[in-house]
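As structure tokens, the structure follows; a few thoughts come after it.
The values are calculated or read from the model by the stated rules, or taken from the named source; none is laboratory data. Because the structure is predicted, anything quoted here is derived from the model rather than measured. Because the Cβ atoms are built from the backbone with ideal geometry, glycine has one as well, and the counts that use them run over all protein chains shown.
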Amino acid sequence: MKARFRLGAAVALVLLAAESGASPGRAQDLKRPEEQLAAIYALRVQLEIEQKQLDRALTEYGRLADKRETTRARVRDLYRDLDDMIEGKSEATGEQIEQKEGDIGKAEIELESLTREARDVRARLAESQQRIALLQDRVSRLRKSLPSDNESLTGTWDVSYLPSGDKGAFTLRQSGTVVAGEYVLEGGWRGSLQGTFVNGKILLHRIDSKLGHSQDLEGTVAADGRTLRGRWQNFILSGGVATSGDWVAEKRERSES
């Protein structure tokens, strides 16, 4: 699995370089499905990283925007107070007027700094959104280039984990060699599934709604097409709990799904 990811990461970098003109035509050289799938996985990992960076930048921009508006209101209030002093609407000594002008100067410097910071974050947001759009486009193109396959995995599967005996259900949707879906497990665990199905072998990445990428499952399809068996491995470790084991899934009849 690590070797597959390293291959995909290298291919993903080449794809992005080709998109920017650094290596024209190389993106079209991915002929083998395993190369295409590895690239899709690596691009999706990078897409997840970019999305997290975008979310952090949006949070930072919101904080700066709130602080900027608060400072702007303070500058407005300070100017109003100064105007009242100058126009004689409120009593003030020359020293008080001078102090008020000093306060205004400091507030204006702070406002200018916040405005500049917000401008820089907006530039980062635009760059991040551009990278995300590029990654999404590359994933979409690669998916379209994958060879068609029998969509036998589409449906609901009753899953059992060993050695824990935990049970649940996977609802899968197969499109060619790409598999996606959702899961629900005992104990209230739920989330999404992303993976691939090539030459009778399935690889699923379990994305938990609370923990994120928490587990990978590899397996094969039985000859009857209704049984999946394989190994699972956890990425989030917990003391006293197994970090790997076996899993088996039985496909429900259509009327049960």
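Quick notes on this structure:
- Residue within the stretch 209-220 that is among the aliphatic types (A, V, I, L, M) and surrounded by 18 or more Cβ atoms within 10 Å (Cβ to Cβ) present: yes
- Filter result for Gly155 (among the small types (Gly, Ala, Ser) and within 16 Å of Leu217 (Cα to Cα)): no
- Residue in the stretch 173-196 that is modelled with pLDDT of 90 or more, in contact with a helix residue (DSSP H, G or I) (Cβ under 8 Å, 6 or more places away or on another chain) and surrounded by 17 or more Cβ atoms within 10 Å (Cβ to Cβ) present: yes
- Lys144 without any contact (Cβ under 8 Å) to a residue 24 or more places away in the chain, at negative phi and part of a loop (DSSP other than H, G, I, E, B): no
- The stretch 134-144, subset over 15 Å from Gln194 (Cα atoms) and over 13 Å from the mean Cα position of the chain (by Cα), residue surrounded by the fewest Cβ atoms within 10 Å (Cβ to Cβ): Lys144
- Residue check, Asp166 free of Cβ contacts under 8 Å to residues at least 60 places away in the same chain and not assigned by TED's automatic domain parsing to the domain that holds Arg72: yes
- Wholly enclosed strands (runs of 3 or more DSSP E) of the stretch 191-252 bearing at least 1 residues acidic (Asp, Glu) and under 18 Å from Val45 (Cβ atoms): 201-208, 212-221
- Residue match in the stretch 92-114 (condition: surrounded by 14 or more Cβ atoms within 10 Å (Cβ to Cβ), in a loop (DSSP other than H, G, I, E, B), out of contact with any strand residue (DSSP E or B) (no Cβ under 8 Å at 6 or more places or on another chain) and on the phi < 0 side of the Ramachandran plot): yes
- A search for C-beta distances below 9 Å between a residue of the stretch 76-97 that is farther than 21 Å from Glu108 by Cβ and any residue that is in a helix (DSSP H, G or I) and not small (Gly, Ala, Ser), counting only pairs 6+ apart in sequence or on different chains, returns Lys89/Asp83; Ser90/Asp81; Ser90/Asp84; Glu91/Met85.
- Picking from residues in the stretch 212-257 that are modelled with pLDDT of 85 or more and hydroxyl-bearing (Ser, Thr, Tyr), the one that is nearest to Ser160 (Cα to Cα) is Thr227.
- Per the listing Arg122, Arg68, Arg44, Arg72, the residue uniquely within 30 Å of Thr177 (Cα to Cα), among the basic types (Lys, Arg) and in contact with a helix residue (DSSP H, G or I) (Cβ under 8 Å, 6 or more places away or on another chain) is Arg44.
- For the residues Tyr61, Tyr79, the requirement of being in the same structural domain as Gln129 (by TED's automatic domain parsing), surrounded by 13 or more Cβ atoms within 10 Å (Cβ to Cβ), under 30 Å from Val139 (Cβ atoms) and of a type in the set (Phe, Trp, Tyr) singles out Tyr61.
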